[in-house]
Amino acid sequence: MALYNTRLLGNSEESISYCVELINNGEVIGIPTETVYGLAGDALNPAAIYKIFEAKGRPQDNPLIVHISKMSMLEEIACYIPDIAYTLADNFWPGPLTMVLPKKDIIPLQTSGGLDTVGIRMPANSIALKIISQCKKPLAAPSANISGAPSPTTAKHVYNDLNGKIPAIIDGGACMVGVESTVISFEDNSIRILRPGMISEEDLKKYAPVIIDKGVNEKIHENEKALSPGMKYKHYSPKAEVYVIDGELVAFNNYVRNNFEEGTFCVVFDKDSSLIDFPHLTYGNSSEENARQLFDKLRELDDIGAKTVYFRCPLKDGVGLAVYNRLLRAAGFEVIKL
Ligand code: TXA
Ligand code: MG
């Protein structure tokens, strides 16, 4: 049942003020960030947090990222901030890096999914920053998709998922990064990557040793504890069966030829396009382009009714690891090595 007549707004100062008023009244709004669109609500208000979980159909134990617009907000919500966190903030904020830190009581357990830590980031999007600073409080914002669907990288994606469930969405154009932020935690003297993103292992290891959590590249089993609860859920699945094919183009073509059925589509690099004999989409050439286009292509595969999809495997370094990590989840960890 539709509860709201969802308004798709431009990014004028009036739209921003209108959304600030809604958020301060406990509503939740679709907003652009540099990574993906977020579903933003007052991080300190359990009633608003409840609305976020309801609208997304999100499992209650999956914690939300809290977004801030200035460093003093970090000190209001985290009770211990190691020096390395300040160093990383200096170098990567505003930007697509989320740091998990021990939380203060001001952050309700509903926001942290029952954990005593909170994921915090300062987004690099002027609309998001304006909204947070005008609300004068930190905003919780998960990706603004229905839980399990690909994250939204345009306002239209948000509208398609959440029409009728939220009062408004601000359209800030397509997201620059296209995959969600890098999520890290700290232990001893190391940085642990819980979810890869645009800020890569290579970027972070200039400041401290980096550990890539097991959950990044491997399936977490039912009885295992996930350090980042979001990693244990099936994600980004289009309705089609997705397979990641790790191999050269000739081997890729042969594999698809041998397995081709009606409803088979490939997703390949732009440079492969003229060399592919099958119905296909492309998702750019560089890892940055793959990241920017991935979620839009996963949604397009649903629109065109794909039944089986073979993806050419992205590179696994830099932001490529983030693309690979999201594809693994879309594919239910089905990688075919040729
Ligand atoms: O780029 C992003 O991070 C986007 C934009 C909107 O900012 N947000 C986003 O939120 O991706 P969400 O809720 O879709 O993903 C949050 C991820 C989940 O995997 C969650 O488990 C992890 O961050 N996370 C949040 N708080 C955590 C915590 N306290 N400990 C461990 N993992 C945490
Ligand atoms: Mg998400």
>> On the Cα set of region 102-179, report Rg and Dmax in Å, please.
In response: 14.0, 36
>> Pick from 112, 274, 69 the residue whose mean-square fluctuation is largest in a GNM of the chain, springs joining Cα atoms under 10 Å.
In response: 274
> In the full protein assembly as shown, how much of residue 186 is accessible to a 1.4 Å probe, in Å² to the nearest 10?
Replying inline: 50
> Which value results when the Cα radius of gyration for region 1-62 is divided by 2.2 N^0.38 Å?
Replying inline: 1.15
>> From the phi angles alone, apply the Karplus equation (6.51, -1.76, 1.60; θ = phi - 60°) to region 287-296 and give each ³J(HN,Hα) in whole Hz, x where the residue is Gly or Pro.
In response: 4, 4, 5, 4, 4, 5, 9, 3, 5, 4
> Percentage of Cα-Cα pair distances in the chain greater than 26 Å, rounded to whole percent?
Replying inline: 47
>> I'd like the distance between the alpha-carbon centres of region 274-298 and region 9-73, rounded to an integer number of Å.
In response: 30
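Please state the relative contact order of region 46-141 as a whole percent: Cα pairs under 8 Å, 6+ residues apart?
Details: 148 pairs, mean separation 40.0, N = 96.
This gives 42 percent for region 46-141.
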> How much length is gained on full extension from residue 25 to residue 136, taking 0.36 nm per residue of separation minus their Cα-Cα distance?
Replying inline: 38.7 nm
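Evaluate E = 1/(1 + (r/R0)^6) for residue 188 and residue 251, where r is the Cβ-Cβ distance and R0 equals 35 Å; express this FRET efficiency to the nearest 0.05.
0.25
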>> In whole Hz and in residue order, list the ³J(HN,Hα) couplings for region 47-63 that follow from phi through the Karplus curve 6.51 cos²θ - 1.76 cosθ + 1.60, θ = phi - 60°; x for Gly and Pro.
In response: 5, 5, 4, 4, 5, 4, 5, 4, 4, 8, x, 8, x, 5, 8, 9, x
> Expressed as a whole percentage, what fraction of the accessible surface of the chain belongs to carbon and sulfur atoms when a 1.4 Å probe is rolled over the protein heavy atoms?
Replying inline: 49
>> With an 8 Å Cα cut-off and a minimum separation of 6 or more residues, compute the relative contact order for region 201-338 in percent.
In response: 35
> Once label points are set 7 Å from the Cα along Cα→Cβ at both residue 335 and residue 317, what is their separation, rounded to one decimal in nm?
Replying inline: 1.6
> With no solvent and one point on each alpha carbon, what is the Debye value of log10 I(q)/I(0) for region 241-337 at q = 0.13, 0.15, 0.16, 0.23 Å⁻¹?
Replying inline: -0.37, -0.51, -0.58, -1.32
> Percent antiparallel among DSSP beta bridges with both residues in the chain, to the nearest 5?
Replying inline: 40
> Most mobile of 88, 327, 44 per a Gaussian network model of the chain (Cα springs, under 10 Å)?
Replying inline: 88
> Say a paramagnetic label sat at a point 7 Å from the Cα of residue 146, along Cα to Cβ; which residues of region 52-72 have their backbone N under 19 Å from it?
Replying inline: 52-60
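The values are calculated or read from the model by the stated rules, or taken from the named source; none is laboratory data. No experiment lies behind these values; they were computed from the predicted model shown. All Cβ positions, glycine included, derive from the backbone under ideal geometry; neighbour counts span all protein chains shown. Side chains are part of the model used for accessible areas, which takes the heavy atoms of the whole protein and leaves out ligands, DNA and RNA. Shrake-Rupley method; radii C 1.70, N 1.55, O 1.52, S 1.80 Å.
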